[in-house]
Amino acid sequence: MYGQLTSDVPLGPFEGTTITVWSGQGKQAKLHATPSCSYLRSARGVVERTVQLDAAVVGRMCPQCGTYGSWARPGTGLAVFLDTLTGLGLLYELDSFRDPDEDAFEDEEVRHAADVLYKSMADNPAVPAEQDGAEDEDDTWEERQEAQRVRESVLRQWGGALASMHRTHRQLALFPWLRAWVGAALEAKAGYLRVLQEQAQLLVAERALLAATAAAAMTEPDVPADEPAFAPLGDPGEARRQLLSLWRRWRSAVEDSWDDPRQQTYVVHHLTDTMGSRRKGRDQMLERARALVAGWEADVRAAAGEKHDERFVVARLPRDAAERSSGRSLVDRLGEWELGVLASYTADAVWEQQSVITVRVPEPVAVRLLTQHHTLSYSEPETAEAQQLAAQSPADPRPAAESGVGPGVFDDTPVHSRRLVTSEHLRALRAAMRDAEQLYVVFSVGSGLEVVALSVLEERCAAGWQGSIIAGASDLPDALFAPRRPSPDQEESVWPARIHDPHHEAFGSHLSTAEGERVLVRLCEGRRDTDHALRSLALARGVADLRKLEAVGYDDRDFPNRPFASAVWHGLLAMEQLDLEPFEPVTDTGWQSGSGLPLGILAGVQAYTSDAAGRYQGRAHSPDCKHRRPERGVSRDDDLVSIKELLGNKGFDPCSKCGGYAVRRLSQDQVAYYRAAHRLHVLTHQVHSAAARNNSTGGAELAAKLQEFTDLDRQTAQAWFPLRKEARRWQQTVDTLLGELPGSA
């Protein structure tokens, strides 16, 4: 039942593409997309080979691989093409809703169901009589229930055929060379869609749709809350509240229904939800409530019976491809009334390019379609002048050869051959690729090379951005990402014990990029996305501002889009603070005073916080603080400041739990200088202590330690101090300490 790629399917520009296949021995052995195919496991002497994709190769495909297999690397144009065609893709849609299936109803059955539904309410009561032995009434009730089931089935089948036609043309728009090949299938689908629409039109009464429209336009009525009949509901204020609740419940049931409004009289029983069956005055209250509802019914039936002019309204079907991944079809999102209007009043449908349905509806229906929120987007048709202008100035200026998804859109051709990426391409990529929401390297003339999430790229393309995709995170070379395993001494904990002695060789290493990579691997241990997380980390490291890594929008399950696993943030950020005491100015002789050392290479280290200057109520938090939102990581609303700016910011008010900010992980040179500054800071206090006691015993040892920090080689000085004056300041600090040592020359 699923779509299988066959040799008669035109491959278009993908014909001749080199692919890797596996097969058993023999020239006519079936070809497989993966060596783990269940049809291949029993074959001996499995051979890997590269072949050029053509009709002959497709004809030798394993049926399972031809239906489910991926014959190309995910994210390439060929992978998008094959994934869009096979499985539940285009080939499946072309075979769907072409002719009646076992669940379809004959025209005679549909006409009989329509007769039952259109009988007067006197012959077909909405609620079966309560007298015992009313066998004929029970039969009538069952007959009406069956008729409603037929109507429900036919309308849903028509809606399913409509959605299938929409999906088919959306997928064909990606591969225009297939249009000639699918001509006969499209004609069959269009013919069966017309048959289903004719059946649906028999089962939906125009007066019911107009009554629903009138109910939707009703304003809040005056209710007789002070009548004695409604005393069981309470005082007049409470009675009014419950009667208005009854009206809203009734209107909601009527405005989205195919039934006559009299079918909704049952709502009056909601008034008795909180009272017993023997409550005094209960029956009288229900009788008066039915009369009240009957008045509302009479109003909407009167409005439905009026003569109305007709108008044309255009419905545009959504262009997103979320159905395949979410399992929610277009029909699932349409309400009864909207589906009934489309089935009853559709006059024309244009599927190429925009998927537009034109309906010819009575004036009140047109007003409701144009003024209220619906699943589809409705508008008035364009004038002949506007259509002529649009034909003269097409929205897409690209030549026809550039339309569709082919080689060169994604990472499957040399960079100089890349084509401009469009919103249509990105929708196809998201529909075909399970992990499409990731980081991509893109290039545009205006902005150069950038790393952005797919959702951000979609947003830009919709706004007119022009550029090309260079590579995604999953496209990075495998040779750069050898399997990384945590060393045995680090397997006890993801977060090792902190080292506080600056003379220890590992001091400050917890802030390093290497430690971030180790933490990422440990956090992803046992998960399949470890390799992808490492690739995302490698791309994200090249982004100057980590706030640009945030994705936008929500996925088909209403979760925020994320371009990578949350553990990647721990690879990018050290969720803690730098100890800046060595760089604070000298205040007094106490142990807690700073040493006034230059920030040097640490001045530009990035710090991310929710509030760097105390501008908002509450304290500042780091991206990983539990006091923030549930999603971890940096957002567009965060502040980015350098350590130099943060050190001088007097308005910064940090959270006592998280410290208020997180720093971007330090490079090897930054860690080396951070450690050296803390060592010199400790030595400074030791020198001051020795000088205060005039203790020359340890002077030689301190002098030897200080000598390590004097006369830095040129390479180290340039790496540590971007400014020459900072190197001089460092040297002066060391020289001053050497001069303070007891017994120094």
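The values are calculated or read from the model by the stated rules, or taken from the named source; none is laboratory data. On a predicted model such as this, the values are computed, not experimentally measured, just so you know. Heads up, the Cβs are rebuilt from the backbone with ideal geometry, glycines too, and the neighbour counts pull from every protein chain shown. In case anyone asks, the SASA skips ligands and DNA or RNA and just uses the protein heavy atoms, side chains included. Shrake-Rupley method; radii C 1.70, N 1.55, O 1.52, S 1.80 Å.
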Original post:
For K307, which aspartates and glutamates qualify as cross-link partners when the Cα separation must be under 14 Å and same-chain residues fewer than eight apart are set aside?
Top reply: E206, E363
**OP:** Find the Rg to Rh ratio for segment 233-284, where Rh is the Kirkwood radius over alpha-carbon pairs and Rg uses the same atoms.
**Re:** 1.03
**OP:** Please tell me the relative contact order of segment 157-253 in percent, rounded to the nearest whole number, where contacts are Cα pairs under 8 Å and at least six residues apart.
**Re:** 22 percent
**OP:** With everything on Cα atoms, drop me the angle between helix 724-740 and the longest principal axis of the chain, reported from 0 to 90° to the nearest 10.
**Re:** 50 degrees
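In Å², and per residue, what accessible area does the chain have when probed at 1.4 Å with the other protein chains present?
Numbers: 38300 Å² over 745 residues.
Each residue of the chain exposes 51 Å² on average to a 1.4 Å probe.
Roughly speaking, to the nearest percent, how much of segment 502-616's 1.4 Å accessible area is carbon and sulfur? Kindly include the intermediate steps, with their values, before the conclusion.
Numbers: 2530 of 5100 Å².
Of all accessible area on segment 502-616, carbon and sulfur atoms account for 50 percent.
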**OP:** Using only Cα atoms, find the angle between the long axis of helix 107-118 and the longest principal axis of the chain, and express it within 0 to 90 degrees, rounded to the nearest 10.
**Re:** 80 degrees
Subject >> Positive-end residue of P35, Q617, M575, charge dipole of the chain with Cβ unit charges >> reply: M575
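Output the relative contact order of segment 216-309, whole-number percent, from Cα pairs under 8 angstrom with separation of 6+ residues. Write out the running numbers ahead of the final one.
Values: 60 pairs, mean separation 26.3, N = 94.
This gives 28 percent for segment 216-309.
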Subject >> Table column - 3J(HN,Hα) (Hz), segment 188-202, Karplus curve with 6.51, -1.76, 1.60, x for Gly and Pro >> reply: 5, 5, 5, x, 5, 4, 5, 4, 5, 5, 4, 5, 5, 5, 6
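Hey, how much of the P(r) for the chain falls beyond 45 Å, as a percent of Cα pairs? Could you put the intermediate results ahead of the total?
Values: 136868 of 277140 pairs.
Cα-Cα pairs in the chain separated by more than 45 Å: 49 percent.
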Subject >> Extension reserve of the D711-D529 stretch, reckoned as 0.36 nm per residue once the Cα distance is removed >> reply: 60.7 nm
Subject >> Dipole-positive endmost among A533, A462, F481 within the chain (Cβ charges, Cα centre) >> reply: F481
Original post:
What is the magnitude of the charge dipole of segment 260-375 about its Cα centre, with +1 placed on the Cβ of each Lys and Arg, -1 on the Cβ of each Asp and Glu, and no other charges, expressed in debye to the nearest 20?
Top reply: 580 debye
Original post:
Along the principal axes of its C-alpha atoms, what lengths does segment 195-351 span, in descending order and rounded to whole Å?
Top reply: 61, 42, 25
Subject >> Net charge of Cβ neighbours under 10 Å - reference A216; Lys, Arg +1; Asp, Glu -1 >> reply: 0
Original post:
How far is helix 206-216 tilted, in degrees, relative to the longest principal axis of the Cα atoms in the chain, given as a value from 0 to 90 rounded to the nearest 10?
Top reply: 50 degrees
Original post:
How long is the gain from K644 to H504 if the chain were fully straight, where each residue apart is worth 0.36 nm and the alpha carbon distance is subtracted?
Top reply: 47.8 nm
Original post:
What net charge do the residues around L155 carry, taking every other residue with its C-beta under 12 Å from that of L155, with Lys and Arg at +1 and Asp and Glu at -1?
Top reply: 0
Original post:
Taking square-rooted eigenvalues a ≥ b ≥ c of the alpha carbon gyration tensor, is segment 516-563 rounded, prolate or oblate, where a/c under 1.5 means rounded and, failing that, a/b exceeding b/c means prolate?
Top reply: oblate
Original post:
On the accessible surface of segment 622-745, probed at 1.4 Å, how many percent belong to carbon and sulfur atoms?
Top reply: 47 percent
Original post:
How big is the charge dipole of segment 28-110 about its Cα centre, in debye rounded to the nearest 20, if each Lys and Arg gets +1 on its Cβ and each Asp and Glu gets -1 on its Cβ?
Top reply: 1420 debye
Original post:
Percent relative contact order of the chain, based on C-alpha pairs within less than 8 angstrom and at least six residues apart?
Top reply: 9 percent
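How high is the FRET efficiency between A700 and D653 when r is their beta carbon distance and R₀ equals 56 Å, given to the nearest 0.05?
Details: r = 46 Å, r/R0 = 0.83.
Once the sixth-power term is evaluated, E becomes 0.75.
Quick check: at a probe of 1.4 Å, how many percent of the accessible area of segment 57-116 sits on carbon and sulfur atoms? Walk me through the intermediate numbers first.
On the way: 1250 of 2620 Å².
Here carbon and sulfur together make up 48 percent of the probe-accessible area.
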**OP:** Any of K119/K280; K548/K644; K657/K705 with alpha carbons more than 26 Å apart? Name them for me.
**Re:** K119/K280; K657/K705
